[in-house]
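Shown next, in structure tokens, is the structure this report addresses.
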Amino acid sequence: VDGCPLAAYLRRLDFPEESRDRFRYCHLAELGNFLEHLVLDAGRASSDQLTIRQQRHAKSTRVGGVEVTIVGRSDACLEGDGGIEVKSVAADEFSALRSRSDVNAGRPAHISQCLTYCYLTDSPRWFLLYVDRNDARYRCFEIKRDVKWEKERLQELAQTETCIQTKDPPSPKPSPACYFCPFQRFCPAFGGSPQDHSPPPSDGVPPSSGEEVRIPAPKVCSNSPS
């Protein structure tokens, strides 16, 4: 939700993607999935409040005459109390994440993801759980729903959707995720331009696939919300 509008534009219009350091990212994704299952299985064994794993969510709304649909797949839902998003990080980064302000500074995309799940499920809060890849230690942060953030993101999504419909490329939104972006050669931030490639002609703009696209966070790239 809180990602780059230009990347969303290029993906929806089928611009070709370039993989970057795929082996490393696949290794990290596999390790992250293992730790996620380890932590959530332990939680399920100790409490019956953790009720659902990997649930898909979707919500549509109209913003300024533009229909916006947001989809996502959460790691786990808690009975009557939001859910859990698990992230695995390196040992040095785990040590640096001691407060919510540290998360805001180092991993804002993770907070955006939790806020998105709050919006999709009408939950008052979500829990962001970090796991140390080195020894499986974990720390948990409560992320409370933010209605102001939701309104701002919906406005941005509506603007991006309008750009897609009119095929007018939006400006990029620079972040650490730019270094993992598969569309660098079309981005002005890297000296490229969307005009460097013309998308194939079609009868209209292809609809959203219904699958969530996760914007990579700094240092770690993942292809889907997990």
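Highest average first, the peptides 63-71, 116-124 ordered by how many other beta carbon atoms sit within 10 Å of their residues are 116-124, 63-71. For the listed peptides 5-14, 149-158, a ranking on the average number of other beta carbons within 10 Å per residue, highest first, reads 5-14, 149-158. Taking a straight line from the alpha carbon of residue 87, these lysines sit under 22 Å away, with near neighbours fewer than eight places off in the same chain left out: 144, 219.
Taking a ≥ b ≥ c as the square roots of the Cα gyration tensor eigenvalues, segment 79-197 comes out oblate, since a/c reaches at least 1.5 and a/b does not exceed b/c.
Where a number appears in this text, it was derived from the coordinates with a stated rule and is not lab data. Everything numeric in this text was worked out from a predicted model, so none of it was measured. Heads up, the Cβs are rebuilt from the backbone with ideal geometry, glycines too, and the neighbour counts pull from every protein chain shown.
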